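Here's the structure, in structure tokens; my notes come after.
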Amino acid sequence: MSLPISERPHRPPTRHLSFYLALIFCVLPVWSIPIFSWSFVLYELGGGGLWALSWHRKALFTYALAEVLFSIYHYTLYKFVDGPCPIPPANPEELMLAFKRMIQTGLSNLSEDCYDEEMLDVSRPGSPAEAIEKLSPTDPRAVDFQNQFRNWFGGVPWSQIRRKEMFAWLYWSLFYAHIPDFDKIPPAHLKVLLDCLDLIEKRTGTTIPEGSNPNAHPKLLTLDPVGIRWRPLIYYLFVALSDFAIKQLLIHVWGMTLGTRHGLDYLVRVPPTWDACKGPTPIVFVYGLGLGLLQYGTIIFSFLTWVPDRPLFILLQPHISQQIFHPRFLVPKTRKETVIIMRQLCTAFGWVPDSADAQKGETDLPKPKGITLASHSNGSYVHAWLLKDAPDVVARSLFVDPVTFCSWEGDLCLKFLYNRAETGLQLMMNYFVSTEMGTANQLQRQFDWTANTLFFDEIPHARDPARNKYILANNDVVFCAPRIKRYLMSHGVRKALYYNPQGQHGMALIPGTEDFNELMTWLKEPEH
């Protein structure tokens, strides 16, 4: 009899040839610049003939010295980031609500091809209402949950996870702290901890054994040492200059305006003939991790050319765009700050109704319809914040490669931060994205899973294809797209979902692809 999938050990695949090619020709040339700079500076200083150097050798020494000084600065930033997690825990009621939602997901015992309309809250379609009862350990729902949840414990067989490690993970996920001795846990925290353990045991159909297993050490995302790889000054200068050049192009050629409100930077363009009440809804685009405008310039230009009849707003995020010289590089705006400022901006632009007008009794006048909120990858976290805290602002939602769904499963965490790279693409993403200072700070010190996880019932009109669009790529290397597809379809999403069986992460942002055409077709559709 074969082992259930949750008991099969994860065997890491062998590294591909592309890994070594990327290492030699892409990563090492960048990574080694600080090492060569230190070596050159120490060699020249040790020789004692610094002032007798030729002018071009002096120029090289000056550059190398700048790299040395920057590497020291980079190290001080690393020590700052590697400090304690600054996120305060949510209140116990909110935590338990999120945990119960997580446990209820998948309990309906329905496949992705069917869904139970009677189990859905009519006011917010898709609201889970399944009773939480202990499953059999061989129940397919229990085995599936075991298999996904063990990602947080390095993928060890579920039966090898012990109570000590489970308590450590639960305490971190609830309170973003290391678990103290049991007799020192505050009573309120202890109650929540034991309640959540009971929910886990019911959902998995098992009783977590007492004791400890060091091989099942949990991944404590915001407490584990931050994984940062150094990179040279010239790399960050290239990123900064590219960002500046693209901003100038967008401002002077495409008529966009660069603005800042309470520390939140943005680019915006409003067509002079656009009408807030009769025209199409403005597009607000929130991009993901990477190089910011340098990486997302193509899709931004596409928005400007394919749908020029409506306003375009680009939320600039220097903390995930490798803008190390920006004053807010390591101090990103919180969920509350972002939502408040975005609401203020949308109101100031006249894109959403002003509550002050309603107070004055001006209720019969035509009103703006809200915004079309488009997000890619990590940008879906900001998307989730706005849907949770300001759903009235968002008229339509476009999710491209969204990572905000099912984040409790640990697949994204394991693949993007903890797994060793096996291919050239994975190595490139690991070095140039996930281990970059700002990105690592955002994911490993600023990550709040209860805030960043979007549940289906939190999306207004979630199954309406005119109001929402979900674009997924089967071969996404960042997260498990088939799981997200299954989650959405089990809640009744059909026409609103576009799933490319051969697609890759970010393909929908590339002009000429089927995914891109699907995206633009949806944006151009008549709005209700």
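Observations
- Neighbour count of at most 12 Cβ within 10 Å plus DSSP loop: longest GluC sites (Glu not before Pro)-free window in the chain: 363-528
- Selection among LEU316, PHE175, ALA421 by position relative to the dipole of the chain gives ALA421 as farthest towards the positive end (Cβ unit charges, Cα centre).
- Cut-off 14 Å (backbone N to label point 7 Å along Cα→Cβ of LEU17), residues of segment 415-432: 424
- Pair-distance profile P(r), taking every C-alpha pair of segment 20-105, with 5 angstrom steps and integer %: 3, 11, 12, 12, 10, 10, 8, 6, 7, 7, 4, 4, 3, 3, 0
- Alpha carbon centroid spacing (whole Å) that separates segment 11-42 from segment 455-514: 35
- Protein accessible area in segment 1-100, 1.4 Å probe - carbon and sulfur %: 72
- Per residue accessible area in Å² of the chain, where ligands, DNA and RNA are left out and the probe is 1.4 Å: 45
- Rough spin-label spacing in nm, given labels placed 7 Å along Cα→Cβ, for TYR75 and ILE35: 1.6
- Overall form of segment 421-518: oblate. Here a/c, set by the Cα gyration tensor axes a ≥ b ≥ c, is 1.5 or more, and a/b is not larger than b/c.
- Shape class for segment 283-441: prolate, because the ratio a/c of the largest to smallest gyration tensor axis (alpha-carbon atoms, square roots of eigenvalues) is 1.5 or more and a/b beats b/c.
- Taking 7 Å steps out from each Cα toward its Cβ at THR334 and SER302 produces label points 3.6 nm apart.
- Projected label points at GLU422 and LEU65, each 7 Å from Cα along the beta carbon direction, are separated by 4.9 nanometres.
- Mean residue ellipticity at 222 nm, helices only, the chain: -12000 deg cm²/dmol; runs of at least 4 DSSP H residues each add -39,500 (n - 2.57), and the sum is divided by the number of residues.
- With a Förster radius of 51 Å applied to the beta-carbon distance between TYR43 and ALA131, the computed FRET efficiency rounds to 0.10.
- Rounded percent of accessible protein surface that carbon and sulfur make up, segment 387-426, 1.4 Å probe: 50
- Selection from ILE283, ILE251, LEU304 lying farthest towards where the dipole of segment 216-341 points positive, charges on Cβ: ILE283
- Which label in (1) 28.1; (2) 24.0; (3) 25.2 gives the computed Kirkwood radius over Cα pairs in Å: (3)
- Of the complete DSSP H runs in the chain, those spanning 27 angstrom or more by Cα along the long axis with a mean Kyte-Doolittle score not below -1.0 are 55-81, 233-252.
- Efficiency of FRET between ALA245 and ALA466 - r from beta-carbon atoms, R0 45 angstrom, step 0.05: 0.75
- Neighbourhood charge, 14 Å Cβ-Cβ cut-off, centred on PHE301 and excluding it, Lys, Arg +1 and Asp, Glu -1: +2
The values are calculated or read from the model by the stated rules, or taken from the named source; none is laboratory data. None of the values given here were measured: they were computed from a predicted structure. Backbone-built Cβ (ideal geometry, glycine too); neighbour counts: all protein chains shown. In case anyone asks, the SASA skips ligands and DNA or RNA and just uses the protein heavy atoms, side chains included. Shrake-Rupley method; radii C 1.70, N 1.55, O 1.52, S 1.80 Å.
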